[in-house]
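What follows is calculated from the coordinates using simple rules that are stated; it is not laboratory data. Just so it is clear, the model here is predicted, and its values are computed rather than measured. All Cβ positions, glycine included, derive from the backbone under ideal geometry; neighbour counts span all protein chains shown.
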Amino acid sequence: MPDFKRVLIGLVAAASIVTAPAMAQSPGDTRAPTVQMFDNFFLSLVAVRLCDNPEQRMMNMFTRNLLIVQEITVSYFQNELPDQSRAQIFDMINNRALALDQTIKSTIAENGCTDPEVINLVNMFDVHARMDLLNEEGGSQ
């Protein structure tokens, strides 16, 4: 199991390098970096599933990283909301994912896959897939 503090540091560093689209992060955004990263990962997954056809290898790499980000997000919420059970936290994250899913699907339905925000999300998918979150430094491959 990776050292989650080191992975989180790597995620925050990556988040500062990769500019999130407007729907995922806007000026004055008060979400924790962990939650921002989860949102960005999830939005990029939905966008790439609707607008691109990634290789299976890239999808596997992305899924590995998404699971790490999800676990870090769960741990974050367990610390922030100690009265909530793990199941309740998973429900909360699932509801968040459903809302994000609807947001990006609406954007794509309205503006298509050539929308700059959608293109940014598809590009973020590749960045997220190539990140080596199991590496101690949380660097990229």
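Within the stretch 109-132, restricting attention to residues that are hydrophobic (A, V, I, L, M, F, W, C) and not in a helix (DSSP H, G or I), which residue is surrounded by the most Cβ atoms within 10 Å (Cβ to Cβ)?
That would be Met131.
Restricting attention to the stretch 66-82, does a residue exist that is touching a residue at least 60 places away in the same chain (Cβ under 8 Å), more than 19 Å from Asn95 (Cβ to Cβ) and surrounded by 15 or more Cβ atoms within 10 Å (Cβ to Cβ)?
Yes, there is a match, as at least one residue in the stretch 66-82 is touching a residue at least 60 places away in the same chain (Cβ under 8 Å), more than 19 Å from Asn95 (Cβ to Cβ) and surrounded by 15 or more Cβ atoms within 10 Å (Cβ to Cβ).
Taking into account only those residues within the stretch 48-101 that are acidic (Asp, Glu) and either farther than 26 Å from Asp115 by Cβ or not in a helix (DSSP H, G or I) (or both), which is farthest from the chain's Cα centre (by Cα)?
Here the residue is Asp83.
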